[in-house]
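The values are calculated or read from the model by the stated rules, or taken from the named source; none is laboratory data. As the structure is a computational prediction, the values presented were derived from the model and not from experiment. Heads up, the Cβs are rebuilt from the backbone with ideal geometry, glycines too, and the neighbour counts pull from every protein chain shown. Just the protein is used for accessible areas: all its heavy atoms, side chains included, with ligands, DNA and RNA removed. Shrake-Rupley method; radii C 1.70, N 1.55, O 1.52, S 1.80 Å.
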Amino acid sequence: MSDSIILGIESSCDDTSAAIIKGNSILSNIAANQAIHKEYGGVVPELASRAHQQNIIPVVEKSLTKANIQQNAISAIGFTRGPGLLGSLLVGTSFAKSLAMSLDVPLIEVNHLQAHILAHFIEDANPMPPKFPFLCLTVSGGHTMIVLVKDYFDMEIIGKTIDDAAGEAFDKIGKIFDLDYPAGPIIDKLAKEGNPDAFKFNKPKLDNYDYSFSGIKTSVLYFIQKEVKKDPDFIKNNLNDLCASVQKTIIEILMNKLEKAAKDLNIKEVAIAGGVSANSALRQAMLDNQEKLNWNIYIPKFEYTTDNAAMIAMVAQLKFERGEFTDLRTSATAKYDL
Ligand code: KG4
Ligand code: ZN
C-alpha cells in the first residue's frame, strides 16, 4: 500500500467526522456528534445539515492538528457521496470539492456502505484483515444486509431487510421504553443487568437471507400496551429484562441468517460492520461461533463501527492507489448502490 496521506470526510447522517490516513494507518479520526437530535427522539435532517455546516471546519482543522499534518501534505480528499441524508451529504461534498480545488489535489468519492465494510482493512481495526471472499453482516441505523465480499470493490448483497434496519429496531423499541435516541447503546448497557429469557417476542419467518424487523417492533408495542394497562409502572419495573429480551431476539434474528449464509456458501471468514456491530451481544455471538462453527471472525475496533471518517479515508486510499478519481462536477446522492 502506498504511503500517501489522505483526508477523509464523513457527513452522511448526524456525525461530522474528518480523518487523516497514511497508508492504512489512521493518524487522526475526529468526530463531532450532534446532541441536538436527542430532544426530538431521532435525527432531524434540517438540523443535521445546519450542525454539519457549523462543525465541518473545526473538525477538519482538528484532524490536521491531531495528525500533525500541514494542508500541503495531503495527496487527495475522500468524501462520503452517499447513501445518506441529502442535506447532510451536501455539506461534506461541497466542502471536499472546494478544498480539493484550492489544494489542487484529486477528489475521491466514497460509498458509505462500502466504507463500513472496508474499515476492516484499517491497520488497527483487527489483528489481521479478513481474507476474500468473506461475508460481512453490515448493520446500522439505516441498513441491514449480508454482503458477500469477493474483493475490495466487488461486493454482492445476498440478503437485506425488507423493512426496518436492525439499528432502527433498537432505536424505535427504545422509544417505546422511553429511552433517549439513539437507544441501541442504552439497550446494550441495560441488557447486561437483565434476563434475556424473561420475555419472548416474535421472530420473522422469511425463506432466503432477508431480514424483517417491523414485526418485533409491533410485537413489543402490543405487549407493552397490554402490560401497562395492568401495571402503569411495568416498563420501569422490568426495564433491564425487557432490554435483554429484545436484544437477544434481534441478535438471534441477525445471527440465524448469517449462519445459514455461511453454511450454504461454505465460507468461514465472517465479519460484522456498522453501528450495531458495537453491540456486545452481537460481538459475543460472533465469538461463540468462532468456537462452535470454526469461523475466522472479524470484529472491527469500536471506533470504526459507528459512523466515522477513518473508514472513508481507508476507501479513498484504496481508490487513490487505483487512480479512481472523481470529477469536481460530482454531487451528493441520497441513494447509492454497493
Ligand atoms: O453506522 P451508524 O453509526 O449510522 C448509520 O449509518 O446508521 O449506526 C447507528 C445505529 C443506531 O441505530 C444505533 O442505535 C446503533 O447503530 N447502535 C447500537 C449500538 N451502538 C450503536 N445498537 C445496538 N447496540 C449498540 N451497542
Ligand atoms: Zn453508517
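Applying 1/(1 + (r/R0)^6) with R0 = 41 Å to the Cβ-Cβ distance of Asp288 and Lys230 gives a FRET efficiency near 0.65.
Taking a straight Cα-Cα cut-off under 13 Å and skipping sequence neighbours fewer than 8 places away in the same chain, the aspartates and glutamates within cross-link reach of Lys292 are Glu259. Available extension along the chain between Ala334 and Lys205 is 43.4 nm, counting 0.36 nm per residue and deducting the alpha carbon span. Seen from every direction in turn and averaged, the convex hull around the alpha carbons of the chain projects onto 16.7 nm². Protein heavy-atom surface of the chain, 1.4 angstrom probe: 50% of the accessible area is carbon and sulfur, with nucleic acids and ligands not counted. Counting only lysines at least 8 places from Lys62 when in the same chain, those with an alpha carbon closer than 27 Å to its own are Lys22, Lys38, Lys97, Lys301, Lys319. Here the extension length gained between Met101 and Lys268 equals 55.7 nm, from 0.36 nm per residue of separation less the Cα-Cα distance.
Taking Glu269, Glu39 and ordering them by how much accessible surface each has at a 1.4 Å probe, largest first, produces Glu39, Glu269. Protein-only accessible surface at a 1.4 angstrom probe places the residues Ile267, Ile21 in the order Ile267, Ile21, largest first.
Of the residues Asp154, Asp164, ranked by 1.4 Å probe accessible area with the largest first, the sequence reads Asp154, Asp164.
Return the whole-Å distance between the Cα centroid of region 312-335 and the Cα centroid of region 164-179. Region 312-335 and region 164-179 have Cα centres spaced 33 Å from each other. For Ala125, the shell of other residues with beta-carbons less than 12 Å away shows a net charge of -2, using +1 for Lys and Arg and -1 for Asp and Glu.
The alpha-carbon of Lys236 sits under 17 angstrom from the alpha-carbons of these aspartates and glutamates, leaving out residues fewer than 8 places away in its chain: Asp178, Asp180, Asp188, Glu193, Glu227. Could you please state, rounded to a whole Å, how far the C-alpha centre of region 59-74 is from the C-alpha centre of region 5-54? Here the two parts' Cα centres lie 16 Å apart. Quick one: work out the % antiparallel among DSSP beta bridges in the chain, nearest 5. If I count the DSSP bridges inside the chain, around 60 percent turn out antiparallel. Measure up Lys205/Lys226; Lys175/Lys226; Lys192/Lys263; Lys268/Lys335 against 26 Å on the Cα-Cα distance and list the ones that go over. Over 26 Å Cα-Cα: Lys192/Lys263; Lys268/Lys335.
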